[in-house]
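Heads up: the structure comes next, in structure tokens.
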Amino acid sequence: WLCIVDDILQWCEVSGAKLSTTKFKYMHICRKRNCTCNIIADRLQLIQTNKLKILGIVFNRNLKWNYHIEYFINNFINRVNIIKCLSCLKFNSSTITLLHIIKSLIISKIRYGLFLYGKSPKSTFRKLKTILNTINRYALGATQTTPINIVYIKYWIPLLSWIKKNC
């Protein structure tokens, strides 16, 4: 481990890039219960973390996707409010426009990295499904009691399971 970090630091010196060792984080993935791994670079001990965000995908130490789904849900709250606001009668937005906004703001985020977290259990996907159903109901002007399958069939909206299979 040490030689890899030292090689990176040497490359940075040669190429002129500046690397902040105080912002360095690493995640140790191991099957052992109390396994510790300390990495020291440039006479500083690097910070060990239980989860890392790499290119918008949150990895955790157990390689489970709960943190990533929670990150999505927290991110989607603002997007839900946008759809909720635009679906108001005051804005007079068409359903097709709202569905395009949903496709660009939400479904594109779900599809990104789906090949990694797509095999996660159904219970983790259920959280995403409820938010996606709520957003689609807002966009289509449907009530909370409207069966979501009818809403999806009527407007030809792909289900999350279909998106999951085709990525």
Of all residues making up the range 129-146, the number that are over 18 Å from Ile77 (Cα atoms) and small (Gly, Ala, Ser): 2
Of the criteria (1) open to solvent by less than 100 Å² (accessible area, probe 1.4 Å); (2) in contact with a Cys (Cβ under 8 Å, 6 or more places away or on another chain); (3) aromatic (Phe, Trp, Tyr), which one Phe72 fails: (2)
The range 111-138 residues that are within 19 Å of Lys64 (Cβ to Cβ) and touching a residue at least 40 places away in the same chain (Cβ under 8 Å), paired with ones that are in a helix (DSSP H, G or I) and open to solvent by less than 10 Å² (accessible area, probe 1.4 Å) (beta carbon under 6 Å, 6 or more apart): Tyr117/His68; Thr124/Ile69; Lys127/Ile69
Hey, Lys84 surrounded by fewer than 18 Cβ atoms within 10 Å (Cβ to Cβ), in contact (Cβ under 8 Å) with a residue 40 or more places away in the chain, over 30 Å from Asn50 (Cα atoms) and not acidic (Asp, Glu) or not: yes
Filter result (open to solvent by 50 Å² or more (accessible area, probe 1.4 Å), in a loop (DSSP other than H, G, I, E, B) and at pLDDT 80 or above) within the range 89-140: Ser94, Tyr112, Pro121
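The values are calculated or read from the model by the stated rules, or taken from the named source; none is laboratory data. These figures come from a predicted structure and were not determined experimentally. All Cβ positions, glycine included, derive from the backbone under ideal geometry; neighbour counts span all protein chains shown. Ligands, DNA and RNA are stripped out before the accessible areas are found, and what is left, the full protein with its side chains, is counted by its heavy atoms. Shrake-Rupley method; radii C 1.70, N 1.55, O 1.52, S 1.80 Å.
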